[in-house]
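The values are calculated or read from the model by the stated rules, or taken from the named source; none is laboratory data. Just so it is clear, the model here is predicted, and its values are computed rather than measured. Every residue, glycine among them, receives a Cβ derived from its backbone with ideal geometry; neighbour counts consider all protein chains shown. Keep in mind that these areas ignore ligands, DNA and RNA; they rest on the heavy atoms of the full protein, side chains included. Shrake-Rupley method; radii C 1.70, N 1.55, O 1.52, S 1.80 Å.
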Amino acid sequence: MAIASAQPIAGPVAWIGADLARTTDWIWPITAAAASELDAALAAVKQRGIAWPDIRREDFPISGFARTLAEIRRELEDGRGVVLLRGLPVERYTEDELRQLYFGIGAHLGSARYQNSRGELIGEVRDEMRVYGQVSQPVMPGRDATAPPTSRYKARSSGPLRFHTDRTDVVALLCVRQAQAGGKSKVVSSVAVHNAILDRRPDLHALLFQDYVRSREGEEAGGERKHYALPVWGLRDGRFTSQYSRTFVEAAQRLPGVPPLSAAQDEALDLLADVAEELCYEMTLVPGDIQLLNSHVTYHARTAYVDDAASRRDRLLFRLWLSMPNSRALPPGFEVLWGRGEAGALRGGIEQR
């Protein structure tokens with residue numbers, strides 16, 4: 001159980017969708033000078049024959065753009081927690097070159113973490129149901145696309161995704177190609193959601209600082225328990241953090257020995273989902289956009305989409321999970337998910353078998 005906040009949390013981190021809609025200062029253009037630095041760094045790693053998973057910060061010299069990325073790192077932790085880098089000329093590169101560029105940029109922001117137990121460092125977010133010849137199932141109202149049991153397949157179908165956080169300090173999404181239609185990204189400040197629920201339903205607000213049991217959905221190392229308990233919200237040294245995915249809470253309810261959710265716990269999750277929809281900002285990612293979100297203070301979601309592979313309008317995003325060197329300290333007990341809770345710790349991701 002975490003210590004609950006009895007007061008609203010102030011500051012730029014408590015933005016609502018209307019705030020993002022009326023300004024563009026959270027959108028950072030990739031300048032021509034930065035693009036030239038990226039091209040030179042790409043040429044250097046190609047000449048040395050460095051595969052993209054082996055690229056380190058020192059292998060990818062981008063002195064001017066690195067200063068911009070350092071400012072973005074501070075904005076993600078101490079500002080709104082959301083940044084959109086815009087203008088990477090993706091059409092100039094092969095997919096392998098894009099992986100090298102993207103991993104090099106990520107190395108200047110933080111440390112890449114594994115996204116599944118098979119050692120994935122750059123996730124390809126696409127409709128794998130279509131790519132591998134499977135048939136997508138109908139989507140139940142208010143639920144993720146029906147799919148095989150792990151969350152990986154839910155994220156990689158064309159159905160909608162509910163608001164959630166990823167198991168990482170910062171999640172980065174590079175748009176390589178857009179869908180023919182749909183696939184809009186929705187982001188919301190979890191701090192603003194916290195404040196709104198405190199104002200409307202303080203009884204349910206307190207419940208979200210208490211433990212919810214979640215499933216590890218088969219991603220745990222061998223022999224480890226298949227579920228764990230963690231609050232949705234936590235505070236340490238005045239800094240907020242949230243770890244939220246209703247899918248994992250619902251999956252835990254099917255496991256033996258997990259106590260059923262109370263009606264009030266379920267109502268609290270319903271209200272959180274409703275408030276997130278109410279306060280969110282909806283955006284269309286275009287090729288060359290890199291969306292960066294601090295998972296501790298934002299939730300993200302996605303609308304359903306339709307591909308047209310024949311015209312190359314088939315949605316493809318590259319995803320990075322980054323552990324950040326300037327990350328916040330986490331409340332006691334959060335190590336059950338994160339591995340380590342101290343500020344700046346190398347943490348998050350999926351433990352490798």
Next on the checklist: Under a crude label model (7 Å from the Cα following the beta-carbon direction), how far is residue 313 from residue 56 in nanometres?
Outcome noted: 4.5 nm
Checklist outcome for this item: Taking 227-233, 43-49, 330-336 and ranking on average Cβ neighbours within 10 Å, highest first, one gets 227-233, 330-336, 43-49
Checklist entry - Accessible surface of residue 244 in the full protein assembly, 1.4 angstrom probe, to the nearest 10 Å²? => result 10 Å²
Checklist entry - If a helix is a whole DSSP H run, which ones in the chain reach 18 Å or further along their own axis (Cα) and hold a mean Kyte-Doolittle hydropathy of at least -0.5? => result 32-48, 95-109, 263-279
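Determine, for the chain, the count of lysine pairs separated by eight or more sequence positions (or lying on different chains) whose alpha-carbon distance falls under 30 Å. Could you put the intermediate results ahead of the total?
Numbers: 154/184; 154/186; 154/226; 186/226.
The result is 4.
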Checklist entry - So how far apart, in nm, are the two label points at residue 22 and residue 229 if each is 7 Å from Cα heading toward Cβ? => result 4.4 nm
Checklist outcome for this item: Out of 122, 16, 27, a Gaussian network model of the chain with alpha-carbon springs under 10 Å gives the largest mean-square fluctuation to 27
Checklist entry - With a ≥ b ≥ c the root eigenvalues of the C-alpha gyration tensor of the stretch 194-353, is it rounded (a/c under 1.5), prolate (a/b larger than b/c) or oblate? => result rounded
Checklist outcome for this item: Which of (i) 76, 49, 34; (ii) 87, 66, 31; (iii) 58, 46, 45 is the computed Cα extents along the principal axes in Å? It is (iii)
Checklist entry - How large is the accessible surface per residue of the stretch 35-79, computed with a 1.4 Å probe and reported in Å² as a whole number? => result 52 Å²
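With every protein chain left in place, what is the accessible area per residue of the stretch 190-268 in square angstrom, probe 1.4 Å? Before the final figure, lay out the partial values.
Numbers: 3270 Å² over 79 residues.
Computed with neighbouring chains in place, this is 41 Å² per residue.
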